[in-house]
1. Starting with the fewest neighbours, write out 54, 41 ranked by other beta-carbon atoms found within 10 Å of each beta-carbon.
2. How many angstrom separate the Cα center of segment 187-249 from the Cα center of segment 134-170?
3. Would you kindly give the portion of the calculated P(r) for the chain that falls above 34 Å, as a percent of all Cα pairs?
4. What percent does the relative contact order of segment 76-168 come to when contacts are Cα pairs within less than 8 Å and at least six residues apart?
5. Taking only C-alpha pairs under 8 Å that are 6+ residues apart, what is the relative contact order of segment 181-250 in percent?
6. For segment 22-245, what proportion of DSSP beta bridges, expressed in % and rounded to the nearest 5, is antiparallel?
7. Before anything else, pin down the relative contact order of the chain: Cα pairs under 8 Å, at least 6 apart, normalised by residue count, whole percent.
8. Could you work out the helix-only [θ] at 222 nm for the chain, with each DSSP H run of four or more residues adding -39,500 (n - 2.57) and the total divided by the number of residues, to the nearest 500 deg cm²/dmol?
Amino acid sequence: MDPGPRIPNSRQWRQAPFSSDSRTMCGRYVSPDDLAIEREFNLVHQEWTFPPSFNVAPTQEVPLIRVAGDGTVQGKPMKWGLIPYWARGGAPKFSTINATIEKLTEAASWKGPWNRGQRCIVPAVGFYEWKVQADGKTKQPFYITCGDQEIFAFAGLWDSSTTADGVKIYSCTIVTMPANQIMSEIHNAKQRMPAILRKEDRDAWLKGDSESAYKLLQPYPDELLIARPVSTRVNAPKNNDASLIEAIAA
């Protein structure tokens, strides 16, 4: 997903500037509220409060699901934009909002959490992507949902990093891969898409071994994705309301 225009830094946490390759990335999505997440993923009530967000952007705190140290599946808020454990709490000088499938097992930022089994699920209702128009400059945003899952799961990784003053920062990234047909037509600049898990594969992604988990990362079927053009108001992260996902005339 294209992250769209530059996104202001969080007041509490500074993300590194987007790299020149950031437009290969999954950069905006719609998140359900805390109760909907708990129902969908069969979580015991969590100590968190998340309203629905219609324009989730990098550097924000987002709800995710992971396996805790005691083996239980839990919901936990984390910053979107992974800070590797070795970074001492400082954001790298490149974008870490997405982990490309091609480098999951070898890139410095991803191989640590991958080898430690720190996989997670990032719940979503839909996501945005920008299509470059015929003039080569104008970009039309599209909103994409899954026809077979009202709430679905992005495959992600998480990590924790401790600052010099002992503050532990938890953060995450969303896995991306080469686009399927429908997404290559929409994300026509770089032809990438986020890794979306089938409902029956969620548990294996969280709890399975690395080899089995990797095999679950497949482009979501074209026939199960629904896309519609939406307003360019989504370009600004400050806009966050239900009108962002309403269809407009193409």
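Laboratory data are not the source of any read-out in this text; all were calculated from the coordinates shown. Here the structure is a predicted model, which means the values were calculated and not measured. All Cβ positions, even for glycine, are placed from backbone atoms using ideal geometry, and neighbour counts span all protein chains on display.
1. 41, 54
2. 9 Å
3. 10 percent
4. Once normalised by length, the contact order is 35 percent.
5. Value for segment 181-250: 24 percent.
6. 90 percent
7. 21 percent
8. When only DSSP H runs of four or more count, the value is -3000 deg cm²/dmol.
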